[in-house]
Amino acid sequence: MSPAGDVFEVIDGVPDFTWPPKLAEADGRAREHYDSAAETYDRDIDDLFAMFGADEAASRNAAIDQLHLRADMRVLETGAGSGRDSELIARRLGPDGLLCVQDISKTLFTKALRRLDGCAVPVAPHIGNACYLPFPDNSFDAYFHAGAINCFSDIPRALSEAARVTRPGGRVVVADENVPVWLRQTALARNLINANPLFAGDVPLAHLPVEARDVSVRWTLGGVFYELAFRVGTGEPVANVDAAVHGGIGGADRAPFGAPLKQGPHR
């Protein structure tokens, strides 16, 4: 039972922290999809990497590298699926660390738990909704999520939650499919988007929280999957707007809010 009096079911030692109790339509569809696809999920992932001729372990480890992990860190992975990233993250953590893993699909998640059975790091699993994380602020050193972000009902909230539960200075890495704009007119793009419209989804740069610092994005796996990484800061970025700046903007010459900026010299 939560402090607010909400009761959450525990099945085979795994709590179900799904919130809200009635999922948003998009999140409900995602749960139904991954429940029904659980049996063939790993085969489909094998086919995906084979299609691009990619080394799966190398590709996944390159994304995980961006978390800058140490053995004693506390890590949260949401959308763990069948645990293909989870087991790689677990190998980088030791007995003094912690790996919390989550997925929205109970059926698919059982595969992740089997993969993680017997690993050195303590593992804390739960079923839940990545848009509503059941943890206090600053609970983790790093956060990882790969896949299905394009299906979230509230992407801005999910990214804000990721930053909220990650301590200042910690790292957040999220990844999903996206054909970048410079490839949209290619035959590959047309085929992928026709087969799966989620490839036309945007990289969620516009939805990053203000705490995001040192933001980077790169495309991997055929150039049609993005990895978006950032360091968690505190509050909004700040600058001394009263500092002397030559060129007509800044210092005593800066324009008040709502007033037109003074024009600097043209080159």
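Among the residues of segment 80-93, which ones are within 20 Å of THR166 (Cβ to Cβ) and in a loop (DSSP other than H, G, I, E, B)?
Scanning segment 80-93 gives ALA80, ARG92, LEU93.
Among the residues of segment 192-244, how many are among the acidic types (Asp, Glu) and in contact with a Gly (Cβ under 7 Å, 6 or more places away or on another chain)?
2
What number of residues in segment 85-103 are under 16 Å from ALA146 (Cα atoms) and either among the aliphatic types (A, V, I, L, M) or surrounded by fewer than 21 Cβ atoms within 10 Å (Cβ to Cβ) (or both)?
6
Scan segment 51-79 for residues that are open to solvent by less than 10 Å² (accessible area, probe 1.4 Å), part of a loop (DSSP other than H, G, I, E, B) and within 28 Å of GLU39 (Cβ to Cβ) and jot them down.
Those that are open to solvent by less than 10 Å² (accessible area, probe 1.4 Å), part of a loop (DSSP other than H, G, I, E, B) and within 28 Å of GLU39 (Cβ to Cβ): none in segment 51-79.
Looking at LYS111, LYS106, can you tell me which residue is surrounded by fewer than 23 Cβ atoms within 10 Å (Cβ to Cβ), more than 23 Å from MET73 (Cα to Cα) and touching a Ser or Thr at 6+ places or on another chain (Cβ under 7 Å)?
Going through LYS111, LYS106 in turn, the sole match is LYS111.
Which one of LEU205, LEU159 is open to solvent by less than 20 Å² (accessible area, probe 1.4 Å), part of a helix (DSSP H, G or I) and either more than 17 Å from PHE52 (Cα to Cα) or touching a residue at least 24 places away in the same chain (Cβ under 8 Å) (or both)?
On inspection, the qualifying residue turns out to be LEU159.
GLU32 fails exactly one of the following numbered conditions: (1) farther than 17 Å from ALA148 by Cα; (2) exposed (fewer than 14 other Cβ atoms within 10 Å of the Cβ). What is the number of that condition?
(1)
Tally up the residues in segment 133-151 that are at pLDDT 95 or above and touching a helix residue (DSSP H, G or I) at 6+ places or on another chain (Cβ under 6 Å), please.
Of the residues in segment 133-151, 7 are at pLDDT 95 or above and touching a helix residue (DSSP H, G or I) at 6+ places or on another chain (Cβ under 6 Å).
May I ask you to say which residue of ASN196, ASN178, ASN150 is polar (S, T, N, Q), open to solvent by less than 20 Å² (accessible area, probe 1.4 Å) and in contact (Cβ under 8 Å) with a residue 12 or more places away in the chain?
Testing whether each residue is polar (S, T, N, Q), open to solvent by less than 20 Å² (accessible area, probe 1.4 Å) and in contact (Cβ under 8 Å) with a residue 12 or more places away in the chain leaves just ASN178.
The values are calculated or read from the model by the stated rules, or taken from the named source; none is laboratory data. Just so you know, these numbers come straight off a predicted model, no measurement behind them. In this analysis, Cβ positions are derived from the backbone assuming ideal geometry, glycine residues included, and neighbour counts consider all displayed protein chains. These area figures cover heavy atoms from the full protein model, side chains too; ligands, DNA and RNA do not enter into them. Shrake-Rupley method; radii C 1.70, N 1.55, O 1.52, S 1.80 Å.
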